[in-house]
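The block underneath contains the structure these notes are about, expressed in structure tokens.
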Amino acid sequence: MAIHKGSSHKSKRGLETTSSELLVCLNGEFVPKSEAKISIFDHGLLYGDGVFEGIRSYNGLVFKLKEHLIRLKESAHTIMLKLPMSLDQMEETIIETLKRNRLRDAYVRVVVTRGEGDLGLDPDNCKSPNFFVITDKIVLYPESFYRNGMEIITVPTVRNLPEAINPALKTLNYLNNILAKIEAKNSNYKEALMLNHQGYVAECTGDNVFIVKNSIVQTPPTYLGALRGITRQAIMDVALRNDIPCQERILTRHDLYNADECFLTGTAAEVIPVVRIDGRQIGTGKPGKTTRKLMSAFHDLTRKDGVRYTL
Ligand code: PMP
């Protein structure tokens with residue numbers, strides 16, 4: 001790994017830069033954001049052929065780093081993409097990128113593309129994958145959403161069929177989610193509820209969905225067409241540790257409309273209460289007691305569970 005010490009460093013093109021521009025790690029080399037370039041023949045760009053992860057660090061702790069890297073490895077394995085380095089090396093690269101940017105609280109994007117090829121689909125024509133790590137400040141939903149809850153809407157675009165592109169894979173092919181996001185935004189909502197092809201609740205465009213009914217926390221099984229969210233699993237673990245019953249259950253929109261509470265989970269969003277779906281008020285119309293308890297327990301977990309680094 002080519003490592004440039006200090007804030008002044010030589011970029012690939014030999015330019016000396018002392019700016020505070022974000023440094024990214026591209027194929028093992030640290031370069032300023034504006035100089036990080038890959039080919040327009042990369043199949044990640046041409047076909048969405050690649051995998052990625054969104055990870056988060058809290059006060060110098062990278063939350064569930066190993067779990068994210070395992071998910072990346074599994075997504076890559078399924079699309080027969082060989083990761084360019086070991087998971088341990090990836091972990092080191094991520095930590096080093098955070099340190100270079102002096103970020104204690106950050107969002108980390110790890111991407112592996114199929115690499116540069118020709119205009120055909122054949123992945124075998126791509127010689128080597130491109131790998132990059134971006135660490136940046138995290139942009140959250142407005143604080144009021146966490147305090148008062150948010151409103152979401154069901155959109156016409158259904159989640160990808162597990163038999164086509166399994167939503168369990170975190171690939172660069174996110175158009176299914178983007179179309180749903182556009183539909184939500186066209187109706188002035190920030191997040192979309194996506195059903196699967198059978199009409200069962202799957203997930204949101206970038207978050208998993210939970211309800212609380214009669215004090216039981218419930219979330220759809222991922223085989224119905226949802227990502228196996230790391231935050232989703234963390235919440236299920238936290239619920240069990242706090243003696244809150246939690247189960248995977250097939251859910252319909254009717255179940256959501258008549259839930260006592262609803263919330264979404266994701267690395268960027270964390271745990272966010274939902275108080276209205278398709279115009280129906282959920283429970284009291286305010287973030288529920290169980291949701292607030294889980295939000296607080298999750299917050300505590302992020303302060304102690306993770307891979308530690310010092311700047
Ligand atoms: N579903 C989708 C479609 C996602 O993209 C994400 C990640 N943003 C999630 C769920 C939540 O997963 P995680 O908790 O691992 O971030």
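For segment 151-163, which positions are farther than 19 Å from Phe52 by Cβ and either aliphatic (A, V, I, L, M) or within 10 Å of the ligand (Cβ to nearest atom) (or both)? Of everything in segment 151-163, those that are farther than 19 Å from Phe52 by Cβ and either aliphatic (A, V, I, L, M) or within 10 Å of the ligand (Cβ to nearest atom) (or both) turn out to be Ile152, Ile153, Val155, Val158, Leu161. Condition first: under 15 Å from the mean Cα position of the chain (by Cα) and either β-branched (Val, Ile, Thr) or away from the ligand (no atom under 12 Å from the Cβ) (or both). Now tell me which residues in segment 190-208 satisfy that. Listed by number, the list holds a single entry, Thr205. Of everything in segment 257-279 that's within 16 Å of the ligand (Cβ to nearest atom) and part of a loop (DSSP other than H, G, I, E, B), which residue is surrounded by the fewest Cβ atoms within 10 Å (Cβ to Cβ)? Filtering first and then ranking leaves Ala268. Out of all the residues in segment 145-159, is one or more under 17 Å from the mean Cα position of the chain (by Cα), at pLDDT 95 or above and farther than 23 Å from Val110 by Cα? Within segment 145-159, one or more residues are under 17 Å from the mean Cα position of the chain (by Cα), at pLDDT 95 or above and farther than 23 Å from Val110 by Cα.
In a residue-by-residue description of segment 33-44, the property of being in contact with a Gly (Cβ under 7 Å, 6 or more places away or on another chain), loosely packed, with under 15 Cβ neighbours inside 10 Å, of a type outside the set (Gly, Ala, Ser) and at pLDDT below 80 applies to no position. Scanning segment 73-128 for residues that are among the hydrophobic types (A, V, I, L, M, F, W, C) and either within 22 Å of Glu21 (Cβ to Cβ) or in contact with a Ser or Thr (Cβ under 7 Å, 6 or more places away or on another chain) (or both) yields Ile79, Ile94, Ile95, Leu98, Leu103, Ala106, Val108, Val110, Val111. Look at segment 108-127: where a residue is in the same structural domain as Glu67 (by TED's automatic domain parsing) and a partner is polar (S, T, N, Q), sitting 6+ places away or on another chain with Cβ atoms under 6 Å, you get Val108/Thr135; Thr113/Asn130; Gly115/Ser128; Gly115/Asn130; Glu116/Ser39; Gly117/Asn125; Asp118/Asn125. Could we say that Ile211 is more than 13 Å from the ligand (Cβ to nearest atom) and surrounded by 24 or more Cβ atoms within 10 Å (Cβ to Cβ) here? Spelling it out, Ile211 is indeed more than 13 Å from the ligand (Cβ to nearest atom) and surrounded by 24 or more Cβ atoms within 10 Å (Cβ to Cβ).
If we keep just the residues of segment 172-189 that are among the aliphatic types (A, V, I, L, M) and away from the ligand (no atom under 11 Å from the Cβ), which is most open to solvent (accessible area, probe 1.4 Å)? Per the criteria, the residue is Leu175. Against the condition more than 16 Å from the ligand (Cβ to nearest atom) and not in a strand (DSSP E or B), how does Thr290 come out, does it pass? Against the criterion (more than 16 Å from the ligand (Cβ to nearest atom) and not in a strand (DSSP E or B)), Thr290 qualifies. Within segment 218-234, the set of residues being more than 9 Å from the ligand (Cβ to nearest atom) and buried (at least 23 other Cβ atoms within 10 Å of the Cβ) comprises Thr219, Pro220, Gly225. Residues in segment 86-108 that are farther than 11 Å from Leu69 by Cα and among the acidic types (Asp, Glu): Glu92, Glu96, Asp105. For the criterion of being more than 19 Å from Ala269 (Cβ to Cβ), open to solvent by 10 Å² or more (accessible area, probe 1.4 Å) and either outside the structural domain of Gly149 (by TED's automatic domain parsing) or within 11 Å of the ligand (Cβ to nearest atom) (or both), Leu169 passes.
The values are calculated or read from the model by the stated rules, or taken from the named source; none is laboratory data. What you see is a predicted model, and the numbers here were worked out from it, not measured in a lab. Don't worry about glycine lacking a Cβ; one is built from the backbone with ideal geometry, like all the others, and counts go over all protein chains shown. Note: areas computed on protein heavy atoms with side chains; ligands, DNA, RNA excluded. Shrake-Rupley method; radii C 1.70, N 1.55, O 1.52, S 1.80 Å.
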